[in-house]
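Notes for the one structure printed next.
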Amino acid sequence: MTPPIDPARRQLLRTLVLGMSLAPVGAPAVPAEPPLISENDPAAKMVHYIEDARRASGATDGATCASCSLYSGGGGADRGSCTLFPGKLVRAAGWCSSWSSL
């Protein structure tokens, strides 16, 4: 003989299945990496941003975004953020006229 089905247990199982099926919907999204700024961006043009400091006429030896005090990028990363360009990334090998060693 089959034991009677407990309605509370059945409701609990339905709730668990529904919760598990909706879990991916409520999971936080991984933020996308900000875009890399272009040399043609108006803000980049204002400070003469160049993606490769070797092409910059005003850059001194060793003056790259990676060595600038306004740059924050991980060690060895080829790009990072700059306080001059919020929401955009710059190349570590880049340079602009606002370069500062402070």
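Bear in mind these aren't lab numbers, they're just calculated from the coordinates by the rules spelled out. Computed from a predicted structure; not experimentally measured. Every residue, glycine as well, gets a Cβ built from its backbone with ideal geometry; the counts of neighbours run over all protein chains shown.
Annotation for Ala93 and Leu16: the two label points, set 7 Å from Cα along the Cα-Cβ direction, are 5.6 nm apart.
Ranking Met20, Met46 by Cβ neighbours within 10 Å, fewest first, what do you get?
Starting with the residue having the fewest Cβ neighbours, the order is Met20, Met46.
Rounded to 0.05, the FRET efficiency of the Ser100 and Leu36 pair, given R0 = 22 Å and the Cβ-Cβ distance, is 0.55. With helices as the sole contributors, the chain gives -7500 deg cm²/dmol at 222 nm; each DSSP H run of n ≥ 4 counts as -39500 (n - 2.57), and the sum is divided by every residue. The calculated pair-distance distribution of the stretch 48-91 uses every alpha carbon pair, bins of 10 angstrom beginning at 0, and gives 30, 57, 13 percent.
Would you mind computing Rg(Cα) / (2.2 N^0.38 Å) for the chain, counting N as its residues? If you can, show how the numbers build up before the last one.
On the way: Rg = 26.2 Å, N = 102, 2.2 N^0.38 = 12.8 Å.
For the chain, the normalised Cα radius of gyration comes out at 2.05.
By the count of neighbouring beta-carbon atoms within 10 Å, fewest first, Val90, Val47, Val17 end up ordered Val17, Val47, Val90.
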